[in-house]
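**Q** The structure under discussion is supplied below as structure tokens; questions concerning it will follow.
The values are calculated or read from the model by the stated rules, or taken from the named source; none is laboratory data. It should be emphasised that the depicted structure is a prediction, and the values quoted were computed from it without experimental measurement. Note that we place each Cβ from the backbone using ideal geometry, even for glycine, and neighbour counts take in every protein chain shown. Only protein heavy atoms, including side chains, enter the accessible area calculation; ligands, DNA and RNA are left aside. Shrake-Rupley method; radii C 1.70, N 1.55, O 1.52, S 1.80 Å.
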Amino acid sequence: MGAPVFSHKDFPSKPLILENILFNFVSMGNPHAVGFIKNVSESDLLTIGPRIENDPRFPNKINVEFVEKISDNHFKIRVWERGCGETMACGTGACAVYAIIIKDQVGQNFKQNEIILEFPGGKLYLSENEKRK
């Protein structure tokens, strides 16, 4: 997967509160809104996902990930893919979530080599094989 882009014409360069959730934005070749919530199982992704996807601030629409922190290196995720709806997993979504986690955790002595991302379709184990420049 390519390097994440945190500033892009398709989304704001700073976090934004949408639907009472703080979202961070990143592109992995396609735009993603990543929001951390308390419980993805109880989230209203089916209502909130399409609202955010179609928000006029995102001219080309946007993918939406709800993320629940289980532990420092384990996260549960639900995905709303633009144009598709809820999906069982998403490769670029997984990398977007990983990028946001690493970006936000670096300043807090984050030392995990591998992160577990648990989607409805199964678990992914992500790590970087190169240091970012």
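**Q** Please arrange C95, C84 by accessible surface area, largest first, computed with a 1.4 Å probe and ligands excluded. Don't skip to the end; give the middle numbers.
**A** Working: C95 30, C84 100 Å².
Result of the area sort, largest leading: C84, C95.
**Q** Describe numerically, in nm with one decimal, the distance between label points set 7 Å from Cα along Cα→Cβ at M1 and at T47.
**A** Each label point lies 7 Å from its Cα, and together they span 3.0 nm.
**Q** Over the chain, what is the relative contact order in whole percent, taking alpha-carbon pairs under 8 Å and six or more residues apart? Walk me through the numbers on the way to the answer.
**A** Details: 241 pairs, mean separation 26.7, N = 133.
Contact order relative to length: 20 percent.
**Q** Out of S27, H8, L45, whose Cα points farthest toward the positive end of the dipole of the range 1-105 (charges: +1 Lys, Arg; -1 Asp, Glu; placed on Cβ)?
**A** Highest projection toward the positive end goes to H8.
**Q** Can I ask one more? Quick one: Karplus J couplings for the range 7-16, per residue in order, coefficients 6.51, -1.76, 1.60, θ = phi - 60°, nearest Hz, x for Gly and Pro?
**A** 10, 8, 5, 8, 7, x, 7, 10, x, 9
**Q** For the chain, give the share of DSSP beta bridges that are antiparallel, in percent and rounded to the nearest 5; count only bridges with both residues there. Before the final figure, lay out each step's value.
**A** On the way: 25 of 33 bridges.
Beta bridges within the chain, antiparallel portion: roughly 75 percent.
**Q** Might you report the magnitude of the Cβ-based charge dipole of the chain about its Cα centre, with Lys and Arg at +1 and Asp and Glu at -1, to the nearest 20 debye? All intermediate terms of the calculation are to be shown ahead of the outcome.
**A** On the way: 16 positive and 16 negative charges, 86 e Å.
Dipole size: approximately 420 debye.
**Q** Hey, if we sort E118, E42 by accessible area with the 1.4 Å probe, largest down, what's the order?
**A** Working: E118 50, E42 150 Å².
So the residues, ranked largest to smallest area, are E42, E118.
**Q** Within 10 Å, Cβ to Cβ, of V79, how many net charges do the neighbouring residues add up to if Lys/Arg are +1 and Asp/Glu are -1?
**A** Details: positive: R78; negative: E65, E81, E86.
Here the count lands on -2.
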